[in-house]
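A.B. asks: Following this message is one structure expressed as structure tokens.
The values are calculated or read from the model by the stated rules, or taken from the named source; none is laboratory data. In this text, all values refer to a predicted model and were calculated from it rather than measured experimentally. Don't worry about glycine lacking a Cβ; one is built from the backbone with ideal geometry, like all the others, and counts go over all protein chains shown. Side chains are part of the model used for accessible areas, which takes the heavy atoms of the whole protein and leaves out ligands, DNA and RNA. Shrake-Rupley method; radii C 1.70, N 1.55, O 1.52, S 1.80 Å.
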Amino acid sequence: MVDFATILAGFGDAFTLWNLAFVLFGVVVGQFVGAVPGIGPVMAMAIAIPFTFGLDPLPAIAFLVGVNKGGLVGGAVPAVLMNTPGTPDAAATAMDGYPLARDGKPLKATKMALFSSVTGDTFSDIVLITVSAPLAILALRMGPVEIFALMIFAFAVLSGLIGNSLVKGVIAAALGLFCAMIGSDPENYTPRLLFGYWELFDGLPLASVAIGMLAISEILRRLSQIQGEMKGAIEVKDTGNPDDRRVTWAEYWACRFTMLRGAVIGTILGALPGIGSTAAAFMSYAMAKSTSKDPGSFGKGNLQGIAAAESANSAVVGSNLIPLLTLGIPGSVGAALIISAFMIHGIQPGPLLFQDQGRLIYGLFGAMIMANFLNLWVGQAGLRFWAKVVSAPESIIFASALLLCIVGVSMATGGLFGVAVMLIFAGIGYLMTSFGYSVVIFIIAFFLGPRFEISLSQSLALMDGDWTRVVNYPIALVLLVLAVAAALWFLASNSGDESQPASVED
């Protein structure tokens with residue numbers, strides 16, 4: 001267990017003007033990219049990771065967390081004003097936010113989304129801070145066989161929950177594991193699949209793969225859809241009534257149980273790998289509608305609907321870090337990007353993280369709390385400005401993002417070889433998304449590949465190559481049985497529904 005002095009030192013490191021500046025910058029960037037439909041915090045985080053290489057670990061990771069948190073708040077702006085969610089998480093927010101905006105209450109709707117988002121996010125952060133250290137202690141009791149079984153279970157759940165086809169999810173995971181084999185063997189350090197390119201001896205650059213598949217492929221897809229059209233400015237109606245431009249305390253307090261339920265739903269689902277904030281938002285919205293005394297008002301401008309969706313999707317951000325920090329397994333693409341930032345700065349996420357880097361982790365917790373308050377302050381100050389951001393021309397934004405990707409990857413990988421790898425995986429990501437294969441599962445499997453291979457080798461050594469000896473490891477046996485059960489259940493429930501492409505931001 002981390003001692004109290006380390007906890008205080010970590011929070012002391014976080015609450016400095018230097019870290020405050022990076023968290024504030026991250027929140028502003030996150031709200032900006034969230035407000036522009038099509039970019040989103042995931043793409044912004046992918047682009048920003050190489051630029052954090054020269055920073056200390058705490059401000060670098062705190063900046064990325066600020067981008068992630070701010071993006072969820074910004075995504076509600078176009079959802080309310082244009083009925084076009086800036087992020088997939090805000091799709092449920094648009095169901096009641098857009099009708100309110102058409103009634104001349106856009107600021108009331110966006111402010112309710114802001115307050116609910118900060119409430120849900122703060123709740124999940126408190127849960128993260130209180131439960132992650134004890135869970136890490138339990139995780140330390142797991143050996144290689146249990147870790148291997150846990151990763152099999154995680155792949156089964158991710159493959160079934162992300163996208164609409166278990167088979168395609170398994171194929172995407174297998175491709176990710178195959179690409180992770182390029183480079184040196186993690187056990188014996190013998191070269192594999194280099195084809196004469198010794199730049200690959202340390203494996204494919206994670207920054208090139210992640211940015212290529214998440215950012216570049218999405219930029220190319222969005223640019224191909226513009227077809228010369230330029231978006232016009234959005235007109236925000238004003239009824240002249242002050243109550244239509246604010247959320248009163250009575251209105252906020254009336255939604256307290258809805259926000260609490262949404263925060264609990266988002267926290268629970270966020271701690272489970274693969275489910276994501278979009279599912280949490282819609283589940284919370286459906287729960288609020290089914291328990292409401294006036295369900296017919298949902299979809300027509302009910303503040304309860306906005307509160308339910310935003311509190312749930314924002315609560316996922318904090319709880320997503322629970323499996324990342326305790327087990328080293330990212331549960332979402334945002335968590336996978338954060339874990340890559342850990343790796344860039346020489347930090348290995350997992351159960352030993354609290355023991356080896358306890359001060360850094362609690363500094364990160366302090367930065368997350370700071371980000372919640374800054375999210376509220378920046379959102380209050382900038383809601384009118386983000387409404388103008390919505391009208392920014394996509395051609396300019398995506399062209400600038402493409403340039404930043406190229407510069408960032410060349411800096412992170414030390415040359416143009418990383419840029420070439422990025423462009424190759426941009427094409428692979430574009431094709432995978434077009435045919436319904438999840439790039440999220442690919443990236444998570446790619447990141448976990450070396451650890452998966454080491455766990456497999458160690459498990460074979462412990463069991464002397466006899467898999468029947470797994471019965472001597474009850475936890476691993478239970479996880480493997482659950483993996484098979486999950487795969488069979490998803491295979492039965494998803495059969496015949498494989499036509500929809502998986503979203504890269506689920």
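A.B. asks: Of Ile211, Ile216, Ile182, which residue is β-branched (Val, Ile, Thr), closer than 21 Å to Tyr430 by Cβ and touching a strand residue (DSSP E or B) at 6+ places or on another chain (Cβ under 8 Å)?
C.D. replies: Among Ile211, Ile216, Ile182, only Ile182 is β-branched (Val, Ile, Thr), closer than 21 Å to Tyr430 by Cβ and touching a strand residue (DSSP E or B) at 6+ places or on another chain (Cβ under 8 Å).
A.B. asks: Determine whether Phe4 is modelled with pLDDT of 80 or more and open to solvent by 10 Å² or more (accessible area, probe 1.4 Å).
C.D. replies: Criteria not met by Phe4.
A.B. asks: How many of the residues making up segment 427-461 are assigned to a helix (DSSP H, G or I) and under 19 Å from the mean Cα position of the chain (by Cα)?
C.D. replies: Going through segment 427-461 one residue at a time, the tally reaches 12.
A.B. asks: If you don't mind, there's one more thing I want to ask. Is there a residue being modelled with pLDDT of 75 or more, buried (at least 18 other Cβ atoms within 10 Å of the Cβ) and part of a helix (DSSP H, G or I) anywhere in segment 249-257?
C.D. replies: no
A.B. asks: Another question about this same structure. Six or more apart or on different chains, Cβ atoms under 9 Å: show the pairs whose first residue is in segment 430-447 and within 14 Å of Leu220 (Cα to Cα) and whose second is at pLDDT below 80 and of a type in the set (Lys, Arg).
C.D. replies: What qualifies is Tyr430/Arg221; Thr433/Arg221; Ser434/Arg221.
A.B. asks: Going through segment 174-221 one residue at a time, which ones are open to solvent by less than 10 Å² (accessible area, probe 1.4 Å) and among the hydrophobic types (A, V, I, L, M, F, W, C)?
C.D. replies: Passing the criteria: Val209, Ala210, Ile211, Met213, Leu214, Ala215, Ile216, Ile219.
A.B. asks: Tally time: how many residues in segment 1-22 are among the acidic types (Asp, Glu) and over 11 Å from Gly358 (Cα atoms)? Quick ask: steps written out before the conclusion?
C.D. replies: Filtering segment 1-22 for residues among the acidic types (Asp, Glu) gives 3, 13.
Still in the list and also over 11 Å from Gly358 (Cα atoms): 13.
Residues in segment 1-22 being among the acidic types (Asp, Glu) and over 11 Å from Gly358 (Cα atoms): 1 in total.
A.B. asks: Right, something else. Keeping to segment 285-320, report how many residues are open to solvent by less than 10 Å² (accessible area, probe 1.4 Å) and touching a residue at least 40 places away in the same chain (Cβ under 8 Å). Break it down stepwise before answering.
C.D. replies: Residues of segment 285-320 open to solvent by less than 10 Å² (accessible area, probe 1.4 Å): 288, 305-316, 318-319.
Narrowing the set further to residues that are touching a residue at least 40 places away in the same chain (Cβ under 8 Å) leaves 305-316, 318-319.
Of the residues in segment 285-320, 14 are open to solvent by less than 10 Å² (accessible area, probe 1.4 Å) and touching a residue at least 40 places away in the same chain (Cβ under 8 Å).
A.B. asks: Check whether at least one residue in segment 195-213 is farther than 30 Å from Gly366 by Cβ, under 21 Å from the mean Cα position of the chain (by Cα) and either among the small types (Gly, Ala, Ser) or modelled with pLDDT under 80 (or both), and report yes or no.
C.D. replies: yes
A.B. asks: A follow-up question, please. Out of the residues in segment 130-142 meeting the condition of being open to solvent by 40 Å² or more (accessible area, probe 1.4 Å) and hydrophobic (A, V, I, L, M, F, W, C), tell me which one is modelled with the highest pLDDT.
C.D. replies: Step by step, filter segment 130-142, then rank; the result is Val131.
A.B. asks: Please work out which one of (1) over 30 Å from Asp3 (Cα atoms); (2) open to solvent by 50 Å² or more (accessible area, probe 1.4 Å); (3) modelled with pLDDT of 85 or more is the condition Asp103 fails and give its number.
C.D. replies: Going through (1) over 30 Å from Asp3 (Cα atoms); (2) open to solvent by 50 Å² or more (accessible area, probe 1.4 Å); (3) modelled with pLDDT of 85 or more one by one, Asp103 breaks only (3).
A.B. asks: A further question follows. Looking at segment 26-62 only, could you name the residues that are part of a helix (DSSP H, G or I) and over 17 Å from Ile338 (Cα atoms)?
C.D. replies: Within segment 26-62, Val28, Gln31, Phe32, Val33, Gly34, Ala35 qualify.
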